[in-house]
Amino acid sequence: MTAPETVHAPAFGQITRPGDLPAGLRRELLACWAEVANAGGAVIPPDTPLPPVSPPHLAPALDRLVAGLDPGRRRLLTATAGGALAGWLIVRRESHPLETHCGVVNHVMTRLSARGLGIGAALMEQVRRVARDEMGLERLKLTARAGLGLEDFYRKAGWTEVGRWPGALRVAPGDDRDEILMALDLREPPADGRGSGAAGLTA
């Protein structure tokens with residue numbers, strides 16, 4: 001598979017039940033997560049030490065995500081290139097009765113070696129389709145850390161910034177970042193000319 005083919009046609013997969021995650025893919029997910037976290041991605045679970053982290057540090061958090069997988073409530077989406085994991089994300093339905101028409105996208109990440117190949121943009125288009133056509137969701141939302149340029153990546157994927165929590169994220173002493181709130185209306189068709197730029201670090 002050549003680089004241009006990877007940009008336009010990554011292979012997508014889904015894990016929708018806890019027992020369906022192969023051990024090899026679990027190792028790849030953990031390796032990707034550690035790599036992205038150590039590169040500055042905003043993907044550190046609350047009970048995980050700050051970077052540098054290794055896959056064992058993140059294993060309990062991944063296992064919790066996988067334990068909650070269910071076709072109608074939470075799915076793990078993957079993109080592979082050249083037979084190897086290139087990126088992944090989680091999409092879940094809101095559980096409150098007033099919000100079950102909405103979903104949340106998080107843990108958006110790509111391997112460093114796959115940056116610039118359009119993997120992240122392809123994943124965002126795939127999650128749009130899965131959330132709308134397979135999960136029956138009408139809206140998606142996510143949060144992103146300011147200072148990484150992620151809001152630009154999501155805007156290119158059709159998302160809209162709807163607000164911010166100023167200084168809500170303290171990355172380090174003296175380094176407070178806004179938490180950016182973004183939304184996607186799945187009832188609207190994708191805008192023409194949406195970019196397929198490089199993947200952001202994470203949501």
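The values are calculated or read from the model by the stated rules, or taken from the named source; none is laboratory data. These numbers were taken from a predicted model, which means no experiment stands behind them. Methodologically, a virtual Cβ is constructed for each residue, glycine included, from the backbone with ideal geometry; neighbour enumeration extends over all protein chains shown. Remember, those area values only see protein heavy atoms, side chains included, never the ligands or the DNA or RNA. Shrake-Rupley method; radii C 1.70, N 1.55, O 1.52, S 1.80 Å.
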Quick one: which of VAL91, VAL43 is touching a residue at least 24 places away in the same chain (Cβ under 8 Å) and part of a loop (DSSP other than H, G, I, E, B)? VAL43
So if I check each of LEU169, LEU85, which one is of a type in the set (A, V, I, L, M), open to solvent by 40 Å² or more (accessible area, probe 1.4 Å) and closer than 19 Å to VAL36 by Cβ? LEU169
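Check ALA191, ALA199, ALA172 and return the single one that is touching a Ser or Thr at 6+ places or on another chain (Cβ under 6 Å), modelled with pLDDT under 95 and among the small types (Gly, Ala, Ser).
On inspection, the qualifying residue turns out to be ALA199.
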Go through SER113, SER54 for me and flag whichever is over 12 Å from the mean Cα position of the chain (by Cα), modelled with pLDDT under 95 and closer than 29 Å to VAL171 by Cα. SER113
Among the residues of region 118-140, is any touching a Cys at 6+ places or on another chain (Cβ under 6 Å), at pLDDT 95 or above, on the phi < 0 side of the Ramachandran plot and part of a strand (DSSP E or B)? yes
Please determine whether any residue of region 12-19 is within 30 Å of PRO173 (Cα to Cα) and within 17 Å of the chain's Cα centre (by Cα). no
If we ask which residues in region 175-188 are surrounded by 15 or more Cβ atoms within 10 Å (Cβ to Cβ) and either modelled with pLDDT under 95 or assigned to a strand (DSSP E or B) (or both), their number turns out to be 8
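Kindly indicate whether any position in region 99-110 is among the hydroxyl-bearing types (Ser, Thr, Tyr), closer than 28 Å to GLU151 by Cβ and surrounded by fewer than 13 Cβ atoms within 10 Å (Cβ to Cβ).
Taking region 99-110 as the starting set, the residues that turn out to be among the hydroxyl-bearing types (Ser, Thr, Tyr) are 100, 110.
From what's left, closer than 28 Å to GLU151 by Cβ: 100, 110.
Still in the list and also surrounded by fewer than 13 Cβ atoms within 10 Å (Cβ to Cβ): none.
Scanning region 99-110, I find no residue that is among the hydroxyl-bearing types (Ser, Thr, Tyr), closer than 28 Å to GLU151 by Cβ and surrounded by fewer than 13 Cβ atoms within 10 Å (Cβ to Cβ), so the answer is no.
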Taking region 29-70 and the residues there that are among the acidic types (Asp, Glu) and farther than 24 Å from ALA131 by Cα, the one that is least open to solvent (accessible area, probe 1.4 Å) would be GLU35
